[in-house]
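Working notes, structure below.
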Amino acid sequence: NATPTAANWVIEMTRPFPYLRFTIQSEGEPVLIIEGPGGRFCVLADNYSGDNPEISGLWDAGTYNIYIGNRTPGDYSYTLNISQKPN
């Protein structure tokens with residue numbers, strides 16, 4: 001289950017958000033890629049995030065393509081969490 005060629009999720013933000021946090025929870029070594037107006041961001045699982053890729057900050061209005069993959073061979077389910085709260 002490498003990184004997909006088509007977005008798993010497409011989110012249209014009609015206004016800027018001063019803070020949003022995207023987190024993936026999955027077995028293996030999940031990968032989170034977000035493409036949007038500000039560029040393309042790739043986040044890998046690490047010890048700091050508790051093996052759950054996470055990216056947070058200011059999000060401008062626009063379309064965001066979200067790709068979710070896994071560096072560990074196999075087929076893994078995942079949970080995508082989006083929160084406006086810092087923790």
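The values are calculated or read from the model by the stated rules, or taken from the named source; none is laboratory data. The model shown is predicted, which means the values in this text are computed figures rather than measured ones. For neighbour counting, all protein chains shown are included, and Cβ atoms are generated from backbone atoms with ideal geometry for every residue, glycine included. Protein only, heavy atoms only, side chains kept; ligands, DNA and RNA dropped before computing areas. Shrake-Rupley method; radii C 1.70, N 1.55, O 1.52, S 1.80 Å.
General observations
- Among the candidates Glu35, Glu27, residue that is modelled with pLDDT under 95, charged (D, E, K, R) and at negative phi: Glu27
- Looking across segment 3-29, just one residue is more than 20 Å from Asp60 (Cβ to Cβ), among the hydrophobic types (A, V, I, L, M, F, W, C) and under 11 Å from the mean Cα position of the chain (by Cα), and that is Ile24.
- Qualifying residue in segment 37-49 (condition: in a loop (DSSP other than H, G, I, E, B), closer than 16 Å to Pro4 by Cβ and of a type in the set (Gly, Ala, Ser)): no
- Tabulated pairs, segment 59-87, first on the phi > 0 side of the Ramachandran plot, second open to solvent by less than 90 Å² (accessible area, probe 1.4 Å), C-beta under 8 angstrom, 6+ apart or interchain: Gly62/Met13; Gly62/Gly36; Gly62/Pro37; Gly74/Asn1; Gly74/Gly28
- A count restricted to segment 42-55 and to residues that are within 22 Å of Gln84 (Cβ to Cβ) and either in contact with a Gly (Cβ under 9 Å, 6 or more places away or on another chain) or surrounded by fewer than 14 Cβ atoms within 10 Å (Cβ to Cβ) (or both) stands at 2.
- Count of residues meeting criterion [part of a strand (DSSP E or B), touching a Phe, Trp or Tyr at 6+ places or on another chain (Cβ under 6 Å) and either buried (at least 16 other Cβ atoms within 10 Å of the Cβ) or of a type in the set (Asp, Glu) (or both)] in segment 6-27: 4
- Any hit, segment 57-75, residues being in a loop (DSSP other than H, G, I, E, B), at pLDDT 95 or above and either among the charged types (D, E, K, R) or open to solvent by 60 Å² or more (accessible area, probe 1.4 Å) (or both): yes
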